[in-house]
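A short write-up of the structure that comes next.
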Amino acid sequence: MPILHDWKITCSADEVLRAMGAQPSAARPHRPRLIRTAEWAIRQGSPALAPAVLFAELDIEACPDLLAAPALAQQLAPARRAIVALCTIGAALESLAEQRMPNAPLQSMALDALGTAAVEALAARACAHFRNQALRAGRHTSPPLCPGAPGWSVAEGQLQIFHLLDAAAIGVLLTPSAMMIPGKSLSMVIGVAPGTALSAFTGLPLSQDAAADGSPCQGCDRQSNCRYQVAHAG
């Protein structure tokens, strides 16, 4: 089962601020301490990132349980194959954040936010990698779908994905309540269909198909009023 380790993940202060629930444009003029803390978190926490992506590409017929979820059945309908992937940045950054919490809670929050931004960036990079690999083989990919999306519960989705992947190979465990450890981990399923002209998933020319960019926001029913969506734009 392939594991991709060769990732260089960098996050900006704005991405960390958004993950902390702050709007960068509003924070910069009025909250200099928050800005300094976000920049500190990037300097201190980035060396602790250990990004890894575990994945398997399967025939759709080999994973019928995935098609039992309405959201997945709809998204994967045009697909011949599915990529099931698990991304993590490891546990070291979480440990740093926990150590800071008793005496420096703001720094702890910033380190935690760095982890959130980093695993989302890793997932987007992984989606781009899978998309490029598919295009080279005369195929194309769907937007990613993660457990917890409308029509696919967290508990159902995580159990299905962990059944298909050897998550322990990258140090990720699933608790009985369907939480992943380390917490800064993200699982997803991507459909793969033949052709490189029009997307079978959106009907758009692939050159215009923004849905294939790997944004974790794709398919979420909160896009219209989510304050964090801008973090994944462009």
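The values are calculated or read from the model by the stated rules, or taken from the named source; none is laboratory data. Since we're looking at a predicted model, the values are computed, not measured. Every residue, glycine among them, receives a Cβ derived from its backbone with ideal geometry; neighbour counts consider all protein chains shown.
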Q. Among all residue pairs at least 6 apart or on different chains, which show Cβ distances below 9 Å where the first residue, located in the range 162-179, is over 20 Å from Asp65 (Cβ atoms) and the second is of a type in the set (A, V, I, L, M, F, W, C) and in a loop (DSSP other than H, G, I, E, B)?
A. Ala169/Met1; Gly171/Ala50; Gly171/Ala91
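Mind listing just one residue for me: the one in the range 109-131 that is small (Gly, Ala, Ser) and under 11 Å from the mean Cα position of the chain (by Cα) and, of those, surrounded by the fewest Cβ atoms within 10 Å (Cβ to Cβ)?
Restricting to residues being small (Gly, Ala, Ser) and under 11 Å from the mean Cα position of the chain (by Cα), the top hit is Ala124.
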**Q.** Candidates Gly183, Gly171 - the one that is closer than 29 Å to Ile35 by Cβ, surrounded by fewer than 21 Cβ atoms within 10 Å (Cβ to Cβ), out of contact with any strand residue (DSSP E or B) (no Cβ under 6 Å at 6 or more places or on another chain) and at pLDDT 95 or above
**A.** Gly183
Q: Working carefully through the options Pro64, Pro47, find the one that is modelled with pLDDT under 95 and over 17 Å from the mean Cα position of the chain (by Cα).
A: Pro64
Q) Just to be sure, is Ile83 without any contact (Cβ under 8 Å) to a residue 60 or more places away in the chain, touching a Leu at 6+ places or on another chain (Cβ under 9 Å) and either of a type in the set (Val, Ile, Thr) or surrounded by 20 or more Cβ atoms within 10 Å (Cβ to Cβ) (or both)? A) no
Q) Of all the helices (runs of 4 or more DSSP H) wholly in the range 1-105, which have at least 3 residues that are farther than 15 Å from Met188 by Cβ and among the small types (Gly, Ala, Ser)? A) 24-30, 32-45, 92-100
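Being closer than 29 Å to Leu135 by Cβ and touching a Lys or Arg at 6+ places or on another chain (Cβ under 6 Å) narrows it down to one residue among Glu57, Glu61; which is it?
Of Glu57, Glu61, the one residue that is closer than 29 Å to Leu135 by Cβ and touching a Lys or Arg at 6+ places or on another chain (Cβ under 6 Å) is Glu57.
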Q: Give the residue that is farthest from the chain's Cα centre (by Cα), with candidates limited to residues of the range 98-108 that are crowded, with 18+ Cβ neighbours inside 10 Å and free of Cβ contacts under 8 Å to residues at least 40 places away in the same chain.
A: Arg100
Q) How many residues does the range 61-80 contain that are crowded, with 16+ Cβ neighbours inside 10 Å and under 24 Å from Ile170 (Cα atoms)? A) 2
Q. If we scan the range 139-155, do we find a residue that is hydroxyl-bearing (Ser, Thr, Tyr), closer than 29 Å to Leu17 by Cα, touching a residue at least 12 places away in the same chain (Cβ under 8 Å) and touching a helix residue (DSSP H, G or I) at 6+ places or on another chain (Cβ under 6 Å)?
A. no
